[in-house]
Amino acid sequence: MSTEPTLWQRSRQSAYAEITSTAMRLFLDQGFDQTTIDQIASTAGISRRSFFRYFGTKEDIVLGDLAGQGELMREALEKVPQTVGPWEALRQALHAVDALEVDPGVTLKIATMMYGTPSLRARSIEKHLHWQTLLVPDIRRRLGLADDVYDPAPAAIVASAITCLDVAGELWVTGGGVGDLAALYDRAVTAVRLGS
């Protein structure tokens with residue numbers, strides 16, 4: 001059975017990429033809140049109705065792949081041997097999906113927009129909550145907990161790791177994109193784990 005995308009799928013992916021590129025250019029040029037869906041649709045050469053075939057909200061253009069990254073993160077975490085502890089396994093998975101790698105140019109502009117726009121920040125938190133749902137089962141197994149055992153540790157570890165990533169990202173943006181995001185993440189995790 002062929003796994004090659006169909007012509008329709010390739011056309012849809014191409015349109016999605018083109019709309020995303022157009023919208024990101026507008027967002028970075030004039031600001032997220034100042035850019036309207038009608039303006040994105042018009043500039044991309046599509047109707048407003050067509051826009052909503054590809055995106056549920058304006059925020060999804062900026063953060064749409066964050067949900068997909070959660071699936072990639074789950075897959076990467078499951079590939080880490082079960083003998084690796086929860087914190088290190090999560091770190092390895094973050095590296096595997098390049099969540100700790102940044103391009104100071106474009107990434108800084110997008111991250112600055114995200115951290116500075118309340119609706120984007122809220123949507124980002126929502127998508128990270130989805131990550132938590134995906135990652136907790138693996139961490140439960142790493143801790144040796146049965147599915148029917150109530151223990152807050154797996155969810156607390158995953159939520160803390162995601163928060164450490166968010167804190168590191170915001171600090172990286174505040175510092176003008178200077179420094180190593182992975183090092184900032186490690187420092188945040190160390191502070192949480194040691195309580196200092």
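The stretch between GLU4 and ALA146 holds 47.2 nm of extra length on full extension. This uses 0.36 nm per residue minus the Cα-Cα distance.
Rounded, prolate or oblate: which fits the range 1-103, taking a ≥ b ≥ c as square roots of the Cα gyration tensor eigenvalues, rounded meaning a/c under 1.5, else prolate when a/b beats b/c?
Because a/c hits 1.5 or more and a/b fails to exceed b/c, the range 1-103 counts as oblate.
Put TYR54, TYR16, TYR185 in order of accessible area, highest first, and with a 1.4 Å probe you get TYR16, TYR54, TYR185. Dividing the mean sequence gap of close Cα pairs (under 8 Å, 6+ apart) by how many residues the chain holds gives a relative contact order of 19 percent. Once C-alpha pairs closer than 8 Å and six or more residues apart are averaged by separation and normalised to the residue number of the range 138-189, the relative contact order reads 31 percent.
Of all GluC sites (Glu not before Pro) in the range 69-178, which ones are in loop regions per DSSP and have a Cβ with at most 10 other Cβ atoms within 10 Å?
none
For ILE157, neighbours were defined as the other residues whose beta-carbon sits under 13 Å from its Cβ, and their charges (Lys and Arg +1, Asp and Glu -1) total +2.
Express in Å², to the nearest 10, the accessible area of ARG53 obtained by rolling a 1.4 Å probe over the protein heavy atoms while all chains stay in place. Spelled out: ARG53, probe radius 1.4 Å, area about 130 Å². Projected over every direction and averaged, the convex hull enclosing the alpha-carbon atoms of the range 139-196 yields 4.4 nm². The alpha-carbon atoms of the range 30-166 define a convex hull whose volume equals 126 cubic angstrom per residue. Toward the positive end of the charge dipole of the chain, with +1 on the Cβ of Lys and Arg and -1 on the Cβ of Asp and Glu, the farthest Cα among PRO86, ALA17, THR174 is that of ALA17. Computed with every protein chain present, the accessible area of LYS127 is close to 20 Å² [probe 1.4 Å]. Within the full protein context, the accessible area of TRP87 is estimated at about 40 Å² for a probe radius of 1.4 Å. Taking every DSSP helix (H) stretch of at least 4 residues in the chain, weighting each as -39,500 (n - 2.57) and dividing the sum by the residue count yields a mean residue ellipticity at 222 nm of -24000 deg cm²/dmol. Output the relative contact order of the range 26-117, whole-number percent, from Cα pairs under 8 angstrom with separation of 6+ residues. The normalised contact order for the range 26-117 reaches 28 percent.
The values are calculated or read from the model by the stated rules, or taken from the named source; none is laboratory data. Worth saying up front: this structure is predicted, and the values here are computed from it rather than measured. Virtual Cβ from ideal backbone geometry, glycine too; neighbours counted across all protein chains shown. For the accessible areas, the whole protein counts, side chains as well, though only heavy atoms, and no ligand, DNA or RNA atoms are used. Shrake-Rupley method; radii C 1.70, N 1.55, O 1.52, S 1.80 Å.
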